[in-house]
1. Picking from ALA234, ALA202, which residue would you name as being more than 16 Å from the ligand (Cβ to nearest atom), crowded, with 16+ Cβ neighbours inside 10 Å, of a type in the set (A, V, I, L, M, F, W, C) and not in a helix (DSSP H, G or I)?
2. Conditions: (1) more than 14 Å from the ligand (Cβ to nearest atom); (2) within 17 Å of ALA333 (Cβ to Cβ). CYS229 meets all but one. Number of the miss?
3. Under 6 Å between Cβ atoms, which residue pairs at least 6 apart in sequence (or on different chains) link something in region 413-431 that is over 16 Å from VAL399 (Cα atoms) with a partner that is surrounded by 15 or more Cβ atoms within 10 Å (Cβ to Cβ) and hydroxyl-bearing (Ser, Thr, Tyr)?
4. Of VAL349, VAL316, VAL338, which residue is more than 27 Å from the chain's Cα centre (by Cα) and crowded, with 23+ Cβ neighbours inside 10 Å?
5. Only one residue in LEU258, LEU215 is closer than 30 Å to PHE182 by Cβ and either within 13 Å of the ligand (Cβ to nearest atom) or touching a strand residue (DSSP E or B) at 6+ places or on another chain (Cβ under 9 Å) (or both). Which one?
6. From the residues in region 264-285 that are farther than 13 Å from PRO123 by Cβ and modelled with pLDDT under 95, which one is nearest to the ligand (Cβ to nearest atom)?
7. With the requirement that a residue be within 14 Å of ARG158 (Cα to Cα), open to solvent by less than 50 Å² (accessible area, probe 1.4 Å) and in contact with a Gly (Cβ under 6 Å, 6 or more places away or on another chain), what does region 326-335 give you?
8. Scanning for something open to solvent by 40 Å² or more (accessible area, probe 1.4 Å) and under 17 Å from ALA94 (Cα atoms), does region 282-298 turn up at least one residue?
Amino acid sequence: MKITIIGTGFVGVVTAAVYASLGHQVTGLDIDKKKIKSLQKSQVPFYEPQLTNLLKQQQQQKRLKFTTSYAQAVKNAELVIIAVGTPSAPDGQADLSYVFASCESLALYLKKQTIVAIKSTVPPGTLDQVKQKINQARQQQKLSKIKYYLAALPEFLREGSAVQDTLKPDRVLIGTENSQVFQKLQKLHQPFKAPIVQMKPASAQMAKYAANAYLATRITFANQIADLCQKNGADIEEVLTGIGLDKRIGPHYWYPGLGYGGSCFPKDVKELAAYSRAIGEGDNILNKVNQINENRIPKLMRQFAKKLAGWQNKVVAVLGLSFKPHTDDLREAPATKVIPILLQAGAKVNSYDPMAQYSPPTSTNYQQFKKIKTACQDADVIIALIEWPEILSFDFSQVKTKKHQWFIDARNQFKPKQLEKLGYDYLGIGR
Ligand code: UDX
């Protein structure tokens, strides 16, 4: 199949490389010339495991190319996938201007029978607007009417395991009411050996928002229970084991921490909340989930400060800067909120991350180190923020140098007793 993917951000590049690996001819298109130039040289502008190798391989096999030319990319495509960004607009709803701009550009080169599938996260109703934009753009250029098809094709891939998630998805949702379109897209996704479900476009779009909103709510729920445990002597880890054994609930995906971050959950929860308000269903759980998550870091940092008698003049080692392991993405990463709070409160901060680079808005009293050992030197407080394997496997006896040293386990990844045996004063979440 000849496939064009518009938007070479995280989702676009991963999807392009994976479809090429299935034997299709794939073109990645972006209006950003610099990005395309580096992708042509197999240079990926972000860190994602396995991606660079896959990209190189597919380019060498001549199944994958990158261009800035709509004419070149769209004129022969049987399937055009739109994977451009949908940042949040000031009112919190998804800003669809990149989606619409790409539709107006592709409209001029569409050939008949092409399927245009929207992978970007967009609210229900967007396909009608997309159709309007494409038709208007063709009319303005006095191009003839042609038969093309629209579909919703939401993505569910996680950063840090995006290649594997694309190759082995839990499900593929195909939003179309046209059986021919469904069959073509079904065939494309069959090698993934995952359930492929046909549904209305609006259902596929809602399912994407709802899945992320549900997971974010689940994490927020666990965090709330952790806060209760903090006050009453229960241990959240024991409590989660106790409730997770209920088959209706399950033990997965709700480890407590400083709240959810990343490029999707915070944005999708806010967007679904704003969308709900816009359609007259504003009184809902999503507003609260977002608010609780946004207040979580300041709240916990106040609690920690109380325990260790303030941050003033303390040397604090912050380990893990990206929003989660195996990515260098700093979007909504706890470090970007924790470090400014620490600096503001008069601490000296030394940080470490195997991949991400972070500099706070005011960087006096801040330094990033290449090794955990040097970042932890002279630390009064060590905060293990992100569960990078390098951090979990580090031998913290090497950096236990002061009489009083605190260890804040922001993801409950360590055994409190072991750290206490080394002499640390341990603080976890809800335990
Ligand atoms: C998420 C979804 O998982 C994916 O399906 C979607 O399409 C894109 O958004 P991603 O943002 O890459 O993927 O990360 P994910 O691993 O889901 O974690 C999101 C956030 O929740 C992170 O900040 C993570 O640390 C946090 N989290 C996750 C918890 O706090 N507890 C958990 O148990 C799991």
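The values are calculated or read from the model by the stated rules, or taken from the named source; none is laboratory data. Everything numeric here is computed off the predicted structure, so don't read it as measured data. Here the Cβ positions follow ideal geometry from the backbone for every residue, glycine too, while neighbour counts run over all protein chains shown. Surface areas here come from the heavy atoms of the whole protein model, side chains and all, with no ligands, DNA or RNA. Shrake-Rupley method; radii C 1.70, N 1.55, O 1.52, S 1.80 Å.
1. Exactly one residue qualifies, and that residue is ALA234.
2. (2)
3. PRO416/TYR426
4. Within the list VAL349, VAL316, VAL338, the selection yields VAL316.
5. Answer to the check: LEU215.
6. ASN284
7. Within region 326-335, THR327 is the sole residue that qualifies.
8. Yes, the conditions are met somewhere in region 282-298.
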